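Read the structure below first, then the notes.
The values are calculated or read from the model by the stated rules, or taken from the named source; none is laboratory data. These figures come from a predicted structure and were not determined experimentally. Methodologically, a virtual Cβ is constructed for each residue, glycine included, from the backbone with ideal geometry; neighbour enumeration extends over all protein chains shown. Each accessible area value is taken on the protein alone, full model and side chains, heavy atoms only, with ligands, DNA and RNA left out. Shrake-Rupley method; radii C 1.70, N 1.55, O 1.52, S 1.80 Å.
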Amino acid sequence: MEKLSLVALLDEDKEMVLASLARDPSITAAQATLGKAVDRVMYRYAEACGDEAMATSAQHILQAMRNTLPVMDTVGEARTWNRQAQGPKSGLSFGPMSVALLVGGLVLVIAAVLGMLISGRFSGALAFIKAMLPAVLGSAALFFAGVQAARSRAKKMAPEGTEDVRTEFLVDGGKAWHCLRGAMLQADGQLERVREANAVAKQRASQTAVGGKVDPRALDLFSELLETAYANGDDGARESAASIRFYLHSAGVDVVDYTPGRESWFEFLPAPRAGTMRPALASEGKLIKKGLASKQTSV
């Protein structure tokens, strides 16, 4: 059966993720899209895994990855928006002073015109000056009314609008996908290490503790039988030794002959040649009963 892979589950959603990133490439939307993709992988892995311990490990790994997705590293474009506040409008603003000057000017001008119409003629320069004086004063009043209206409008106008600058970062969909897939590959590596650690733990749990299936007195008996078989050396003895080896191995106990480097596992007797007289017994690489070996002595 093919091993379940986080990357394989993610690749099934590739088109959907890229389409979502293309629709809205903003930082916030991209973060949400990638987070949802990780969540979907998490849920589907938990359903298909069938191993509660592995599903829990995957959940922790993916949750940590989801919280640290480097979305800013995938920015492909930055847009700057400038918004200018609305400027002043054209026109005049008539305040009380402007209205007063305007009305007074109109009254003076109209009075001058009416005076000239009533008199019907000019009787010398003094009469002309008297007739024109109200007109001049009225015109001046009208002029200052306009100036005052313009000044009032300028005071009421809003100052030049301040500029509103907004920068928007847009995510590159391809970069975001490769970033997410790379993180998922790392998650797969972490999950594989967890899987290996769990396998080792299960193997150790299934193995027998040192000599656990074999009574210590039985170990002594088997050790003596092996010593006898090694001493006889005939076919029957070798067959007996092989049977004892098989039984002990099935119980988690290994029969170890002497080899250079295993001196600490054996007691030695002087002899014309080196060899194993009684094999050592070990389990999981640990010595549980010393063996006996011969060590060559010089003549």
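Considering only DSSP states other than H, G, I, E and B, which chymotrypsin sites (Phe, Trp or Tyr not before Pro) in region 230-299 qualify as loop sites with at most 11 other Cβ atoms within 10 Å?
none
Separation of region 240-262 and region 169-202 by C-alpha centroid, Å?
44 Å
Give me the aspartates and glutamates in straight-line cross-link reach of residue 36: C-alpha distance below 16 Å, same-chain residues under 8 apart excluded.
Within reach: 11, 12, 13, 15, 24.
If you plug each phi of region 218-234 into the Karplus form 6.51 cos²θ - 1.76 cosθ + 1.60 with θ = phi - 60°, what whole-Hz ³J(HN,Hα) values come out, in order, with x for Gly and Pro?
For region 218-234, the Karplus-derived couplings read 5, 4, 4, 5, 5, 5, 5, 4, 5, 5, 5, 5, 5, 6, 5, x, 7 Hz, x marking Gly and Pro.
For the pair residue 271/residue 8, report the inter-label distance in nm, with labels modelled 7 Å from Cα in the Cβ direction.
5.5 nm
Given a Förster distance of 51 angstrom, what is the FRET efficiency for residue 193 paired with residue 234, based on the Cβ-Cβ distance and rounded to 0.05?
Efficiency computed from Cβ-Cβ geometry: 0.50.
List every residue whose amide H lies under 5 Å from the amide H of residue 288, counting only residues 5 or more places away in sequence or on a different chain, with H placed 1.01 Å from N in the peptide plane.
281, 282, 283
Given labels modelled 7 Å from the Cα in the Cβ direction, how far is it in nm from residue 55 to residue 249?
Roughly 3.9 nm, to one decimal.
Solvent-accessible area of residue 278, probe 1.4 Å, all protein chains present, reported in Å² to the nearest ten, please.
40 Å²
Please give the FRET efficiency for residue 287 paired with residue 32, using the beta carbon to beta carbon distance and R0 = 35 Å, rounded to the nearest 0.05.
0.05
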